Every structure is written in C-alpha cells, then in structure tokens.
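Notes follow once the structure below has been shown.
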C-alpha cells in the first residue's frame, strides 16, 4: 500500500482509492476503481476500516463477518459485496457503486413528509431486501438466521434509478458469527431499536421489522419518531414502556389503513408484529400502491440533484494516471513519448518487426506506424509479432517471384534451340520460343508475311544466320558475303565450329554439319 499525496489515489492490488463518499465510526467509504486486463475499469465503492481498528482482532472479525454475510445475500434491494482485500495492514470491502443518496439525507430535504406512494415504493424495497437477508443460507444450505439490527435511514440507499437498497451489515447477527455480543452490550442506533433489543434479549427478524416501521413513520410524517425526547434515556424508556403512536397524529392526511400497517410493525409485543418482512411489504402495497421506480427516480433527482452531479463528476474525473502501473493494464502513454528508447519495450517490439531485406524495408516504410504495445500482455505481444511478420512474409514472396524470373531467363539463354530444316519445323520452333505468361524467353525470328512465297533454302538460311566474326562466309548482321555453291560439285561444309551464334545470342547448329 502506498500513499503518494492527498491529490493522488492510494493503490492496493487491482484497486485505486480516491475521495470519500461517507465516513463513520469504524470505517470510511471511498470512491474506488477496479483496473483489469485490456484496459477494463469499473467504478466501485470501497469501505475501508480505519487504521486503528485494522489492527484490532475483534473489529477485524466483525468486518469479515459483514463481508461473509452480505456475500450470501443476492437480491436487487441489497448492495452486493464484490471483494475483500487484506494487504499491507489494510482491510476493506469492495462494493458495487450505486449513484444515489441515503434516505437520511433525502429525509432532511422533505420536512413536509413524502407522498404515500413514494414511501410505499421505498418501504417495499427495504422490506424485500430484509426478507432476502432473513432467508439467506450458508454454503451448506442451512439458514444463516441473519438479523440486520441496524435498519435506519442511514443504511437505506435510494439510487438514481429509483430503487431502494439496504446496506451495512456491520452489526448484523447471524448463526456462526465469529464475534458475539457481550452481555449488556447494545449494537445499533437506539432510536430505531426494538424494545427486546434495548433490553439485550434474544432478537430475531421481527426486530428489523420494528426498525423498518420507525423509518416508514418518519418518512410519512417528515418528523423523527422520538424527536420531542431530549435524551437517549428518555427514548429507551418510551420504547420499552409505552405503546406506539399512529403517524396520522403528526400528519392528518395519512389514512387509517396505513396507520394500521405501521402500528402493527411498532407493536411492543413481538408476537403481534408481522411474521416476515415480505408479509409486511404485501400489507403496505395493499393500502398504499407503490409509485413506479421512474417516479421515485424523478423525486430523488429533484431532492438530490447537486449531490448526484457531484458524484458523477468525481466518478468520471477519477485519476487514471495510476492505471498504467496496476497489474494487467497495457501501457497507454507510449504514444506520447516519441521514439522508443533503446532497451525499452517499444524498442523491443520495433526490433521484432525489423525487415530482413530492402524489399521488406520498403514494404514496412509504406505501412502506417502502429502504436507500441506492452510485452507484459501475452495477447498484445502475439499481435505485435504477427503484425511484424506480415511485411517480412510479403517481401519474401516478391523476392522469390523475381528470383524465379531471373533464373528462367538465364537458363533460356544457355539452352540451344535446334534448327528447323523445314518451314513447318521453323513454325514449331517459333511457336515454342514465343513468350508465355509469367516467364521470360529469348526472341526468335518472325515468320514471313502471309501471301509471300517461301522456300526451304530461304527459310533455312533465315533461321540459321550466323553472327559476324564467327564464319568467313558471313557478312554483317549474318548476311551471306559469298554466293552459295551451286551445281553437282560437292562442297565440304565448314563444321569447325559446327554451330553459329545468331544476332540474338542463340547458338544454332549448321544444318550441313548435321548430315
């Protein structure tokens, strides 16, 4: 764990912590950000145990109990626990970040009391979250018998989506808790405690229904249930000795049916309360139909517009400069740093992409420059290597095609073509020697124009013209300097050498030397 300055976030593993949302006696809730692989980030809420308590085994056990219990409750009306981190003397819970406002702050902006439909929507959500907690089971499938014991406006969050969610199971009681309440020790807020909880008796889920009824009474009337009492002792005395007061006594427009639901939940006799939170939620829905979540969202926006804007600004302006230092985050700053330094990751990527030949260099120079990736990410390194291999492979293909053409041309110059003793043979030779697609072949003499008479001797002479300087009977450009012998007198052929070199550089054997 390292703290750089007040303006910079703390870093613990995959999490960055910056800015406070709320603070309490044991812990502070911060804005946080989870930084994952591939540039993934997510805004979270981090409940951070105060340093003086992080070293106390009892407080640590309570904190871990909260995480264990809340992780077993899966319901839309309960803020989920995503992670628990214990590192370098720090202990904190990672929770889903819910844009919204606590019911305690919304209550202060509504001294006239909330509309019954809004109260019903919030109350039903709160009670359904409690029912999910009361019904939660452990890994073995046995009931955990969770009792929140701290249901209050501070622990009900109303989101900007219009959904009420229960938070903070820090003092919850459950089967198998690592910490046990000592005799005479009271946990929770006295103004919302059930009489049996104040007397430190055994409590069950119906103690949470009493606290929820106090919250609903205050939302309906716009005043505190024990507001006229000046001391905590007076609150305790009234809670354990006097019957509940109907909310219509503070606000006349509240119907008798709503009064009955609230008074049932506030009964000092545990057996007269509703058996479950869901049963009470259903009773409230019948007497006060809940408003749609969109209407609740508009009410929250009207009462907490400034707070919601501030939350959005803090979440969006979160310092991401530390993201490049957290595990799994690719280096994003390399683009603005200019040329890569020798030995750096960017320089290593450039070396991997270096072309082996000039042709490959030309192909690489023509390609657009790519942003360097961190070699810390295996997938990014594989992409870099594949990208660097493409220009090299293309250059090798081009070089291979050019090399094959050059070799074919050289072989064609070295292999002699046999002379044609007849026009048909000459035409065949011309056809064979004609260039074909994709190859380089030497040129041969073109056949005479159609319609002109041809002779075997003329065709043979045209096809076998020797080069100048290789035969005394040959003139410039292979033309005959002396008339060919005629008559019956035999002429001994000049067969030393037995071939001629044509003007096109072809070796052609003399026909008379082949007889």
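The values are calculated or read from the model by the stated rules, or taken from the named source; none is laboratory data. Note that the coordinates shown come from a computational prediction; the quantities given were computed from them, not determined experimentally. Reconstructed Cβ throughout: ideal geometry from the backbone, glycine too, with neighbour counts over all protein chains shown.
With the requirement that a residue be in contact with a strand residue (DSSP E or B) (Cβ under 7 Å, 6 or more places away or on another chain) and assigned to a loop (DSSP other than H, G, I, E, B), what does the range 135-145 give you?
Looking only at the range 135-145, we keep the residues that are in contact with a strand residue (DSSP E or B) (Cβ under 7 Å, 6 or more places away or on another chain), and these are 137, 143-144.
Within the range 135-145, 144 is the sole residue that qualifies.
Could you tell me which residue of the range 232-245 is nearest to residue 134 (Cα to Cα), considering only residues that are under 53 Å from the mean Cα position of the chain (by Cα) and buried (at least 17 other Cβ atoms within 10 Å of the Cβ)?
Initial filter on the range 232-245 (under 53 Å from the mean Cα position of the chain (by Cα)): 232, 235-236, 239.
If we keep only those that are buried (at least 17 other Cβ atoms within 10 Å of the Cβ) as well, we get 235-236, 239.
Numbers: 235: 27, 236: 26, 239: 24 Å.
Of everything passing the filter in the range 232-245, 239 is nearest to residue 134 (Cα to Cα).
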Problem set entry | Elements of type helices (runs of 4 or more DSSP H) contained in the range 190-257, each with 1 or more residues being farther than 23 Å from residue 283 by Cα | 195-198, 232-241
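Yes or no: residue 81 within 30 Å of residue 137 (Cβ to Cβ), without any contact (Cβ under 8 Å) to a residue 40 or more places away in the chain and either assigned by TED's automatic domain parsing to the domain that holds residue 123 or more than 26 Å from the chain's Cα centre (by Cα) (or both)?
Numbers: within 30 Å of residue 137 (Cβ to Cβ): yes; without any contact (Cβ under 8 Å) to a residue 40 or more places away in the chain: yes; either assigned by TED's automatic domain parsing to the domain that holds residue 123 or more than 26 Å from the chain's Cα centre (by Cα) (or both): yes.
Criteria met by residue 81.
Return yes when residue 104 is in contact with a strand residue (DSSP E or B) (Cβ under 9 Å, 6 or more places away or on another chain) and part of a helix (DSSP H, G or I) and no when it is not. Working first, answer last.
Working: in contact with a strand residue (DSSP E or B) (Cβ under 9 Å, 6 or more places away or on another chain): yes; part of a helix (DSSP H, G or I): yes.
Yes.
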For this session: Would you tally the residues in the range 199-247 being touching a helix residue (DSSP H, G or I) at 6+ places or on another chain (Cβ under 6 Å) and free of Cβ contacts under 8 Å to residues at least 12 places away in the same chain?
Result: 1
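Taking the range 53-68 on its own, how many of its residues are within 22 Å of residue 15 (Cβ to Cβ) and assigned to a helix (DSSP H, G or I)? Full working, then the answer.
Going through the range 53-68, the residues within 22 Å of residue 15 (Cβ to Cβ) turn out to be 53-55, 59-60, 62-68.
Remaining after also requiring assigned to a helix (DSSP H, G or I): 53-54, 59-60, 62-68.
Residues meeting the conditions: 11.
Is it fair to say residue 150 is more than 21 Å from residue 217 (Cβ to Cβ) and either at pLDDT 55 or above or in the same structural domain as residue 56 (by TED's automatic domain parsing) (or both)? It would help to see each step written out before you state the result.
Values: more than 21 Å from residue 217 (Cβ to Cβ): no; either at pLDDT 55 or above or in the same structural domain as residue 56 (by TED's automatic domain parsing) (or both): yes.
No: the conditions fail for residue 150.
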For this session: From (1) outside any loop (DSSP other than H, G, I, E, B); (2) at pLDDT below 95, pick out the condition that doesn't hold for residue 282.
Result: (2)
